[in-house]
Amino acid sequence: MNVEVLENLKKAIIEYDSEGAASWAKKVVQDRIDPTKAIDVMTVAIRQIGDGFSRGELFLPDLVGAADAMSAATPIIEEEIKRVGARRESLGTVVIGTVYGDIHTIGKTMVATLLQADGFVVNDLGINVTAENFVEGIKKYNADILAMSSLMTTTAPEQRKVIETLKKESLRDKVKIMVGGGAITQEFADSIGADGYEPTAVGAMKLAKRLVGK
Amino acid sequence: MALKGFTRNFKPLEILTEEQVEAIHRGTLEVLWVTGVRVEHERALKLFEKNGCKVDYDEMRVRIPPALVEECIRKAPSSFHAEARDGKKSLMLGDNNFYFGGAPGLQSVDLDTWEPRVATRKENYDSVTVLDALPNVHFLCPYTPYFGFEGVPPCMAMLESQAARIRNSTKCICVGFSNDSEVFAIKMAQALGIEIMGTCATAPPLAMYRDAAESLFRFAEAGFPLRILSGQVMGGTAPATIAGGVITNNAEVITGLVLAQLIRPGMRVLVKDFSHPMNMNTGAPGFGSIVACLHNAASNQIFRKYGVPIDNATCYPNSKMPDYQCGYEKALRVLVAGLSGANLLLLHGSVHGELTYHSVQAILDDDLAGMVGRFMEGIEVNNETLAVDLIEEVGPIPGYFLNKEHTRKWWKLEQFVPKVADSLTYPEWMNTGKKSCLDYAKERMEEILTTHQPIPLTPSQEEDLERILEEARRYYKERGLISEEEMATYRESMKSPNYPYE
């Protein structure tokens, strides 16, 4: 029975079914199934989608559809993990967002999905995220990695501002910072003191692992 | 069921007014009746005469009365089925259907220097394999891919080329004619139980020489469909004006159409516009010329009025390599031909005019065919595609469409994704070796050649094919068209353990 519930949860993510994913996640809680097992199958599902995307067999709408379904189930499962006092295994915790003034969501969502697929716990703060919100997110989730995106040259300087704010808050050395987006180059990343830059979402997975020494 | 190909789902381009169409039609009728056409074939002349044409046997000239022209145009089917070796790949030519075919090339090209050179037997067979694999190739024209290849005497080129197309492709094929080659071509098809499409090429201005008329008779008697073309050069063998060129091309192909309908009423014919302005510096046909596009558009409008399936086998560039010029020449020719109602377009593989061909070019052209084909399909408008409910559901920012089921379903139906185009971002492009579409096309050619297996002939079909080829070799040898030396080289070329494939 447990296996069936977990299989259905996995299937809902692979079939981009947000409502189904949420309702199977609730069933996990209701049936007292080990929530870390639920996280495992969700990771397998999102990895399957991520792998398909890396091979060019699946596309952005699939990646985002699966990410949405995953996001619908994740808070329910995480609540349960907290309740039972279990520990979630992961490569590390990421806080990700598109910087203030910039509402480009797609590249950031791709990276978030692929990092999740790779085994990171990803907290997506969304778009138009202020430096203060990033700081808050890093504290709240006890993040290992901060990932920032800006697509426009006009919003790129916001990344510098976030890093400066982290320094003021004495948080800079607590997180590894990776940056990306259409407006970012390696030179820019170096100039603002980021720890890494990657032009592609698939490359970002490798970069994140390198940053946490995995 | 015929192969789907593409469908033009909107009104065709009308470059001429109704009055202009009538003026060209009247001009055509006048030329056919007053000037007439030279037809160097006694049996044809007698048949014309019997059906009310004025025939001058000394001049071999036939003058066709307007009523007979119009009657024969009505008799020609407005659309027809052309059979392929694999029945699922047969074509339904006519109406709004739109198909692509491989173009011919005299020689191959070197991919580094772009200089022409004779193709090898292996290259010829491999090139057919590539055409068999490409999804947007529906038809293989005569001489496709090569007019001949190493070791083969010229008089056998047509038949060896046909054998290669039959062996390595199950798609619809067409054959040419030269020195009775069509006799053996028809024999091959009949022995194998397949259909082939014939060709009758008139000789502009206003003539049909003996071999062309004979080919027409032979295909009519075999009950096979036929393509009729002229191949005029405006300013040389046709008037320099587009309107005048449309009249002479019309008069020439309609002479063939009338003869076909007199021999076999209801015979399946495809009429072709293959007209180019003369390059007044070199005398060569202006293959990639925009004037040829105008000629296609006007001819196609007239042919549509006649209700006869249309072939615009004219996507040959002047460029010598797949560069910017090649791209615009091909793209404009294909798009205009499609917009104006062509049913068949020979595009794939031509590197320069009809002089050179390469599989890498055919692979690049397959993307162009897919793009233009997609354009022809037009825009689907219904409640689901209008998406008003979805737009309401998503609303303004931060809503977006990428995560919607509607997007997952429709983007694949709406978009055409080229297979070998460079579509990377700068960083991806720089990190993957700065590849161009040409690099991708080379890779795809290798992939097709290692993975695609054309459906082979049965052993008895293979035996029949080789027997008829051998019969043709003896026929041409006896007629002195193959010298002793040529025959020795030819026999030597057949000794490979992988014959006929290399």
Going through (1) in a helix (DSSP H, G or I); (2) more than 36 Å from the chain's Cα centre (by Cα); (3) within 14 Å of chain A (Cβ to nearest Cβ) one by one, B:ILE391 fails only at (3)
Tell me which helices (runs of 4 or more DSSP H) are completely within the range B:419-480 and hold 1 or more residues being among the small types (Gly, Ala, Ser), or say none if there are none.
B:437-451, B:459-478
Answer yes or no as to whether B:ASP110 is among the acidic types (Asp, Glu), surrounded by fewer than 19 Cβ atoms within 10 Å (Cβ to Cβ) and modelled with pLDDT under 95.
no
Is there a residue being away from chain A (no Cβ under 14 Å), in contact with a Leu (Cβ under 8 Å, 6 or more places away or on another chain) and surrounded by 18 or more Cβ atoms within 10 Å (Cβ to Cβ) anywhere in the range B:397-416?
no
On the given criteria, is A:ASP62 touching a Lys or Arg at 6+ places or on another chain (Cβ under 8 Å), crowded, with 16+ Cβ neighbours inside 10 Å, within 13 Å of chain B (Cβ to nearest Cβ) and modelled with pLDDT under 95?
yes
Just one of (1) part of a loop (DSSP other than H, G, I, E, B); (2) touching a helix residue (DSSP H, G or I) at 6+ places or on another chain (Cβ under 8 Å); (3) within 14 Å of chain B (Cβ to nearest Cβ) trips up A:ALA183, so point out which.
(2)
In the range B:167-183, residue surrounded by the fewest Cβ atoms within 10 Å (Cβ to Cβ) [restricted to those that are closer than 24 Å to B:HIS452 by Cβ and out of contact with any Lys or Arg (no Cβ under 7 Å at 6 or more places or on another chain)]
B:ARG167
In the range A:1-21, anything among the acidic types (Asp, Glu) and closer than 14 Å to A:ALA72 by Cα is listed as A:GLU15, A:ASP17, A:GLU19
Is it the case, given these coordinates, that A:ALA12 is modelled with pLDDT of 95 or more, within 17 Å of A:THR113 (Cβ to Cβ), within 14 Å of another protein chain (Cβ to nearest Cβ) and in a helix (DSSP H, G or I)?
yes
Restricting the range A:15-45 to residues that are within 14 Å of chain B (Cβ to nearest Cβ) and in a helix (DSSP H, G or I), which is surrounded by the most Cβ atoms within 10 Å (Cβ to Cβ)?
A:ALA21
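Conditions (1) under 22 Å from B:GLY373 (Cα atoms); (2) at pLDDT 95 or above; (3) touching a Ser or Thr at 6+ places or on another chain (Cβ under 8 Å), marked per residue:
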{"position": "B:VAL62", "(1), (2), (3)": "no, yes, yes"}
{"position": "B:LEU68", "(1), (2), (3)": "no, yes, no"}
{"position": "B:GLU71", "(1), (2), (3)": "no, yes, no"}
{"position": "B:LYS75", "(1), (2), (3)": "no, yes, no"}
{"position": "B:PHE80", "(1), (2), (3)": "yes, yes, no"}
{"position": "B:SER90", "(1), (2), (3)": "yes, yes, no"}
{"position": "B:TYR99", "(1), (2), (3)": "yes, yes, no"}
Kindly state which helices (runs of 4 or more DSSP H) lie completely within the range B:240-342 and contain at least 2 residues that are over 23 Å from B:ALA103 (Cβ atoms).
B:242-263, B:290-306
Residue by residue through the range A:193-206, note down the ones that are away from every other protein chain (no Cβ under 13 Å) and either within 18 Å of A:THR109 (Cβ to Cβ) or surrounded by fewer than 20 Cβ atoms within 10 Å (Cβ to Cβ) (or both).
A:GLY193, A:ASP195, A:MET205
Filter the range B:184-198 down to the residues that are within 20 Å of B:ILE310 (Cα to Cα) and buried (at least 23 other Cβ atoms within 10 Å of the Cβ) and list them by number.
B:ILE196, B:MET197, B:GLY198
Can you work out which of the residues in the range B:419-447 that are aromatic (Phe, Trp, Tyr) and over 33 Å from the mean Cα position of the chain (by Cα) is farthest from the other protein chains (Cβ to nearest Cβ)?
B:TRP429
Restricting to the range A:50-98, and then to whatever is of a type in the set (A, V, I, L, M, F, W, C) and in a loop (DSSP other than H, G, I, E, B), can you tell me which residue is farthest from A:VAL129 (Cα to Cα)?
A:ALA86
Checking the condition crowded, with 18+ Cβ neighbours inside 10 Å, closer than 24 Å to B:LYS187 by Cα and among the aromatic types (Phe, Trp, Tyr), which residue from B:TYR476, B:TYR501 passes?
B:TYR476
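Residue-wise test of (1) assigned to a loop (DSSP other than H, G, I, E, B); (2) not basic (Lys, Arg).
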{"residue": "A:LYS139", "(1), (2)": "no, no"}
{"residue": "A:LEU146", "(1), (2)": "no, yes"}
{"residue": "A:THR154", "(1), (2)": "yes, yes"}
{"residue": "A:VAL162", "(1), (2)": "no, yes"}
What's the total number of residues in the range B:1-43 that are among the basic types (Lys, Arg) and either assigned to a strand (DSSP E or B) or under 15 Å from B:GLU70 (Cα atoms) (or both)?
2
Of the candidates B:ASP86, B:ASP56, B:ASP112, the one satisfying the condition of being acidic (Asp, Glu) and under 27 Å from B:PRO456 (Cβ atoms) is B:ASP86
The conditions are (1) surrounded by 14 or more Cβ atoms within 10 Å (Cβ to Cβ); (2) over 30 Å from B:ILE196 (Cβ atoms); (3) not charged (D, E, K, R), and B:TYR57 fails exactly one of them. Which is it?
(1)
Answer yes or no: is there a residue in the range A:101-124 that is within 13 Å of chain B (Cβ to nearest Cβ) and closer than 17 Å to A:ALA22 by Cβ.
yes
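The values are calculated or read from the model by the stated rules, or taken from the named source; none is laboratory data. Please read all numbers here as calculations on a predicted model, not as lab measurements. No Cβ is skipped: glycine too gets one built from the backbone with ideal geometry, and neighbour counts run over all protein chains shown.
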